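Read the figures in this text as sums done on the coordinates, not as results from a lab. None of these values were measured; they are calculated from a predicted model. Cβ atoms come from the backbone with ideal geometry, glycine included; neighbour counts cover every protein chain shown.
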């Protein structure tokens, strides 16, 4: 296990290094002077020089990269040009919206997707199975942000049960904050539930067809115990990979839904930074999100190996 | 072989070959839906019921009627005509993004699988890195460099879809390379690229086509998201995502505006998924085998 873990950890570090190189290279490919792009054409030469100095744009390219990386590794991400605030602090404050949103979405996804998968697999090739599979196929095709707009239309505009957008800060009460995350989280969760239901069904059917399940049945174990104790546990191993990867995708994919519901999350922060030409913020946020995705995938790999010892042997 | 046994063998062969490329419900439904969208897009080049761009303020927010089957928007523009024109945009993004991903991804995957060693390691590590950039995140990078527009979106989505093709192609190459006839071709001195073109690509092409339809659907969804954010297609050219953004502002006045463009996206994506499933069912030997049993 140690050898497996060390190899994966080494690959993770290599990936993180390559990601940083790629982001840095793309940001440096912007045509023209970054300082001029940020401050605009009206900026004085003195202001431009001060900004160039602040962003370490005067030195050779490898020194610029080393200074950026040095800052990242010591937790000093620099200062936002527009907000005049530490980028690290800004990211943490935005994460207090995006992280609960992704967790809530995942709770919806798992609590809808797994029962649907179990129902579908236990009613194989019957009307219930076809209904669940048709609904999940439609669920995969619906854009989450359109579902969000439709839910907003129903629950906020017509019924007036939930807020149409915006975020009530955590300091005003957790319940209010959670209410403002309910619709966006449900929109994202339903879409994820569709793929969990499909993959869960096929994983469960695969397990249910194996010899040890037949043995359990022949020993007189009840269908319920076979399903929940023997089959679902093993079907959950490939499913955990899907859930983990979906969680990573959710962290990166909340950009559009946060804009639909005007949530001050990480994605919307990145989107606003484009409009404000806040290049250091864009660079750091893209690095942060990409690193989160890679680290989530690493955790998925490791947990997969912990759950299924055969993976470590391969 | 006796005549009877011979006839039986021929019948079995005929049965197998007729089933080996079975036309399933998914394939039919997917082809019909995708075909309708493609046809609509082609028709919209020379015909739309009304001008998709011309404003008619007197008739704004009209619900569905005989004159405007899907109603009119906040400027009195015909929604059906705008959805028809918007399909061009979705198709263009899908075709370009998937072509980039299919072409480059397959090339890199085959190169990686054939080359092996450090080349394989370097290419696949880069694919892992690209995998960390979902389409919208990638688009943020590209829009920052190139500015908003359809080109940034197409390239970003194409690059984000590349790792899927590369991994499939590499996997296909590695499994086909083990076959005896490939080893024989290598032994008689055939060039690696010749083997890849003549023996390996035909073996993995159906898997890649399935991946292409799934990526196409993903590209449509990603483009809609980007256009919703204002980072994709720029006005006045309509795009389904942008239409939804505009509809959101007026959904208290006109509900229909928020329904039709989203339904167009969902139907097209559903058609592509069904088509992908249909192609897989028709070409995957394991699925054909399980059906024959």
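Structural remarks
- The stretch A:267-297 and the stretch A:160-206 have their alpha-carbon centroids 22 Å apart.
- Binned Cα-Cα distances of the stretch A:14-161, short to long, each 5 Å bin given as a whole percent: 2, 7, 9, 12, 12, 10, 9, 9, 9, 8, 6, 4, 2, 1, 0
- Secondary-structure-derived ellipticity at 222 nm for chain A, considering helices only, amounts to -24500 deg cm²/dmol, per-run term -39500 (n - 2.57) for DSSP H runs with n ≥ 4.
- Quotient of the Cα radius of gyration of the stretch A:204-267 and 2.2 N^0.38 Å, N being its number of residues: 1.80.
- Value of Rg to Rh for the stretch B:64-155, rounded to two decimals, is 1.22; Kirkwood radius and Rg both from alpha-carbon coordinates.
- Shown here: chain A, whose C-alpha atoms stretch 84, 58, 35 Å along the first, second and third principal axes, sorted largest to smallest.
- Backbone N within the stretch B:195-213 under 19 Å of label point (7 Å from residue B:188 Cα along the Cβ vector): B:195-203
- The angle between the Cα long axis of helix A:174-208 and the longest principal axis of the Cα atoms of chain A comes to about 50 degrees, rounded to the nearest 10.
- With the simple spin-label model, which puts each label point 7 Å out from Cα in the Cβ direction, the residue B:198 to residue A:308 separation comes to 3.8 nm.
- For the stretch B:125-247, dividing the convex hull volume of the Cα atoms by the residue count gives 120 Å³ per residue.
- In chain B, the inverse of the mean reciprocal separation of distinct Cα atoms equals 21.6 Å; this is its Kirkwood hydrodynamic radius.
- Computed over the protein assembly as shown, the quotient of the alpha carbon radius of gyration and 2.2 N^0.38 Å is 1.05.
- Residue A:46 versus residue B:32: modelled label distance in nm, points set 7 Å from Cα along the beta carbon direction: 7.3 nm
- Values of log10 I(q)/I(0), in the order q = 0.24 Å⁻¹, for the stretch B:181-280 under a Debye, Cα-only, solvent-free model: -1.12
- The stretch A:172-221: radius of gyration over Cα atoms, expressed as a fraction of 2.2 N^0.38 Å: 1.99
- 222 nm mean residue ellipticity, helices alone, for chain B (DSSP H n ≥ 4; -39,500 (n - 2.57); rounded to 500): -25000 deg cm²/dmol
- Cα long-axis angle, helix B:25-43 against chain B (0 to 90 degrees, to the nearest 10): 50 degrees
- Comparing Cα centroids, the stretch B:99-146 and the stretch A:82-120 end up 27 angstrom apart.
- The angle separating the long axis of helix A:87-122 from the principal Cα axis of greatest extent in chain A is about 20 degrees.
- Across q = 0.23 Å⁻¹, the stretch A:162-283 modelled as identical point scatterers on its alpha-carbon atoms has Debye log10 I(q)/I(0) values of -1.21, in the order of the q list.
- Virtual spin-label span in nm between residue A:127 and residue A:58, 7 Å along Cα→Cβ: 7.8 nm
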